[in-house]
Amino acid sequence: MEIDDQPWWRPEQVDAEGRTTTWLLAVRVQPGASRTGVAGAAGVDGAELKIRLASPPVDGRANDELVRWLAKELGVPRSAVSLVRGATSRSKVVRVDVSARRG
């Protein structure tokens, strides 16, 4: 799957050389699942990426797991992944700084 063509993944910031350094990712989370992973597209016209999270939605644990899991899957440090919108909602927007990608 080519992520550049997905409605849930859009560029936010481009560097001087024309490379995208920061992306916004629209996700719909399902906390309390049996395991963490991608479940496919969700929302109107597939505008969100559905992610199942093993952590329950208690005391921000599901948000912490989302950030940790995305950082691992995208090969960036946790500090490069931040929640922009939706801290208490199932629909969230996450900022990913790919310029911090691990070699």
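The numbers here are math on the coordinates, done by the rules we state, and not lab data. In this text the structure is predicted, and so the values were computed from the model without any measurement. Cβ coordinates were reconstructed from backbone atoms using ideal geometry, including for glycine residues, and neighbour counts include every protein chain displayed.
The simple spin-label model puts a point 7 Å past each Cα toward its Cβ; for Ala16 and Ala39 those points are separated by 4.5 nm. Measure nothing but the geometry: give the 0 to 90° angle between the long axis through the Cα atoms of 61-74 and the longest principal axis through the Cα atoms of the chain, rounded to 10°. Helix 61-74 sits roughly 40 degrees off the main axis of the chain. Between the alpha-carbon centres of region 55-100 and region 1-50 there is a gap of 11 Å. Across region 1-44, the convex hull enclosing all Cα atoms gives 99 Å³ per residue.
So what's the convex hull volume per residue for the Cα atoms of the chain, in Å³? Could you put the intermediate results ahead of the total?
Values: hull volume 10.6 nm³, N = 103.
Each residue corresponds to 102 Å³ of Cα convex hull volume.
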